[in-house]
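Here's the structure, in structure tokens; my notes come after.
The values are calculated or read from the model by the stated rules, or taken from the named source; none is laboratory data. The shown structure was predicted, so the numbers you read here are calculated from the model rather than taken from an experiment. Quick reminder, even Gly has a Cβ in these numbers, built from the backbone with ideal geometry, and neighbours come from all protein chains shown. SASA here: full protein model, heavy atoms, side chains in, ligands and nucleic acids out. Shrake-Rupley method; radii C 1.70, N 1.55, O 1.52, S 1.80 Å.
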Amino acid sequence: RAPEGEEEEEAEVGWQEKLFSQFEVDLYLNESACQTPLDRQYHEEIRKLEKAGGRKNHRIFTYTDHDRFTNLEELCQKVTDSDHEVPSYLAERMANVRRRRQDRRPVEASSLKSKIITWEPSEEFIKNNHVINTPVQTMYIMGDLGPYGKLGHREYEHVLCTIKVDGNGVITVKPDFTGTKGPYRIELDGEKREVWEYTIENASVQVQPEEEEREQRVFRDLYSRHRDYLNGLVGSEFEMPLPGTLRLFVNGEIVSAQGYEYDNLYVHFFLELPNQWSSPPFQQLSGVTQTCATKTVGWDKVAHFCYPFTLEMFYTQEDEGVFPYSLPEWPVLYFEVLSLDFWQRYRVEGYGSVVLPTSPGVHVLTIPTWRPVELGTVAEMRRFFIGGSPELEDLTYVRIPSTFKGKRLSRFGFRTETTGSVTFRLYCLQQSKAFLESSALRQRMQSVLDRLGGFSQQSSVYNVLEAFQRARRRMQEARESLPQDLISPSATSM
């Protein structure tokens with residue numbers, strides 16, 4: 001302790017080291033005030049300190065993880081700085097759940113392999129594995145900032161530093177070590193305004209390079225064992241498609257439909273597979289969503305479907321062809337939006353289609369729709385009063401009908417009306433042996449799958465091909481429009 005007249009004190013505190021305050025000394029010296037085993041233990045320690053000449057610290061003391069202050073401090077912490085803050089229902093329910101050290105029993109790897117999912121978890125299991133119940137040890141370094149000669153009053157106790165260590169070994173010091181920054185300040189309002197300054201320094205012994213290297217080796221060994229354990233759980237027996245075959249997975253979701261005239265919407269959809277595409281026998285290529293009521297969002301009425309579906313299909317490459325003219329067609333998802341009212345009258349609200357994305361990953365697509373209309377007010381009155389509206393016999397007419405074999409498709413005279421839109425979220429996965437071969441052998445391109453690298457550049461390749469075809473058609477039209485004598489061999493020789 002510094003000489004009288006200089007209010008300065010320095011203390012070196014270890015992890016979970018107990019330094020008693022004057023209040024605790026006065027309290028635990030009286031054996032009748034000790035109720036718990038921890039109180040009686042503190043009573044014995046304080047008696048030994050008194051026999052040895054008293055405690056060396058005066059203003060600086062600590063509260064360890066087992067003290068009552070630690071429990072009360074964690075329960076009394078506020079989320080905001082408002083004086084009128086009311087704890088939420090969740091905060092009240094979790095007030096009795098202390099984030100404490102849990103006695104975790106080591107579980108053998110064999111039992112983990114057999115019990116990856118616990119179907120009937122016990123209350124202790126839920127507590128030990130809950131996010132809020134992460135095991136944490138806490139320690140508070142306190143300061144008794146009372147007037148000189150009046151130590152031991154609880155109202156003058158202030159938290160100088162909070163140290164927490166969780167089950168993962170992460171140490172949290174709040175506030176941080178002072179370092180090159182100035183000291184922290186605590187201003188007290190009382191008879192005379194007092195300002196206390198304090199610094200926090202890391203007094204731990206630096207780790208030797210040999211010990212640090214040994215620790216890194218232990219961590220690397222632990223990580224490698226954990227990786228092998230996870231690989232053992234997952235396994236390595238994966239079904240691979242045949243050479244020259246591409247497997248396409250689509251985990252899709254019909255998110256919402258917005259901007260339609262009537263309420264209670266549902267969506268009917270199906271997938272069309274072009275040539276050289278196939279699907280497993282158990283795969284359903286069509287589906288119908290639930291009927292969903294709309295909700296007004298801004299200026300539109302939105303129906304949130306959140307309807308999931310899964311599609312699996314295969315593309316089989318028959319011949320090599322000449323690159324890049326042998327690009328495959330991609331599957332198309334056709335859909336129609338319908339409405340159903342209280343009297344079981346249904347109306348077609350719109351038709352649309354979306355080509356499945358050619359690149360793997362997450363794709364969020366909003367597709368506009370249209371519906372056929374008839375001239376005059378009779379058709380709209382029939383639609384309003386008795387339901388029903390003009391429908392397409394073949395949904396593929398949205399793009400190119402599957403039965404169309406000609407060169408030109410005319411929609412002249414077909415009247416339509418723009419309606420709302422449907423939002424899709426598609427998670428696309430591609431699997432092929434060609435990806436593995438192309439990553440190992442990049443000297444030459446062996447197939448269309450190798451050249452396109454999983455069709456990730458297919459859209460840009462299609463744009464180039466379309467521009468090339470347009471230029472070729474213009475050259476042919478220009479050649480056909482020239483007089484024959486200009487392009488004949490005899491005219492050229494003359």
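Ignoring ligands, DNA and RNA, what percent of the 1.4 Å accessible area of segment 245-433 is carbon and sulfur?
On the way: 5800 of 10380 Å².
Accessible surface attributable to carbon and sulfur in segment 245-433 totals 56 percent.
Converting the Cα gyration tensor eigenvalues of segment 392-438 into ellipsoid dimensions via √(5λ) gives semi-axes, longest first, of 35, 20, 9 Å.
Between the C-alpha center of segment 339-416 and that of segment 22-60 there is a gap of 85 Å. Distance between the 7 Å Cα→Cβ label points at residue 310 and residue 272: 2.7 nm.
How long is the gain from residue 425 to residue 393 if the chain were fully straight, where each residue apart is worth 0.36 nm and the alpha carbon distance is subtracted? Please list the in-between numbers first.
Working: separation 32, 0.36 × 32 = 11.52 nm, distance 2.75 nm.
Between residue 425 and residue 393, full extension yields an extra 8.8 nm.
If you plug the beta carbon distance of residue 411 and residue 91 into 1/(1 + (r/R0)^6) with R0 = 45 Å, you get a FRET efficiency near 0.10.
In percent, how large is the relative contact order of segment 245-433, given Cα pairs closer than 8 Å and 6 or more residues apart? Spell out each step's value before the answer.
Working: 389 pairs, mean separation 60.3, N = 189.
Rounded, it is 32 percent for segment 245-433.
With the simple spin-label model, which puts each label point 7 Å out from Cα in the Cβ direction, the residue 168 to residue 216 separation comes to 2.2 nm. Extent of segment 326-409 along its three principal axes (Cα atoms, max minus min coordinate, largest first): 51, 36, 18 Å.
For the cross-link pairs 164/192; 48/164; 51/164; 150/181; 51/150; 48/174, the ones whose C-alpha atoms lie over 25 Å apart are 164/192; 48/164; 51/164; 150/181; 48/174. If you take the alpha carbon atoms of segment 245-433 and fit the smallest convex hull around them, that volume is 151 Å³ per residue.
Within segment 244-352, all pairs of alpha-carbon atoms sorted by distance into 10 Å bins from zero give the percentages 13, 36, 25, 17, 8, 1. A 1.4 Å probe, protein heavy atoms only, puts the accessible area of residue 306 near 80 Å². Across segment 131-217, Cα pairs under 8 Å and at least six residues apart give a relative contact order of 19 percent.
Between residue 345 and residue 402, what FRET efficiency comes out of the Förster formula 1/(1 + (r/R0)^6) with R0 = 25 Å and r the beta carbon distance, rounded to 0.05? Walk me through the numbers before you get to the answer.
On the way: r = 30 Å, r/R0 = 1.21.
E between residue 402 and residue 345, to the nearest 0.05, is 0.25.
Set the Förster radius R0 to 25 Å, insert the Cβ-Cβ distance between residue 55 and residue 189 as r into 1/(1 + (r/R0)^6), and round the FRET efficiency to 0.05. Mind showing how you got there, number by number?
On the way: r = 29 Å, r/R0 = 1.15.
It comes out at approximately 0.30.
Using a simple spin-label model with pseudo-atoms 7 Å out from Cα toward Cβ, residue 381 and residue 433 lie 6.8 nm apart.
At 0.36 nm per residue, and after removing the present C-alpha to C-alpha distance, how many nm does the segment from residue 467 to residue 177 gain when stretched out fully?
Values: separation 290, 0.36 × 290 = 104.40 nm, distance 6.49 nm.
The span from residue 467 to residue 177 would gain 97.9 nm if fully extended.
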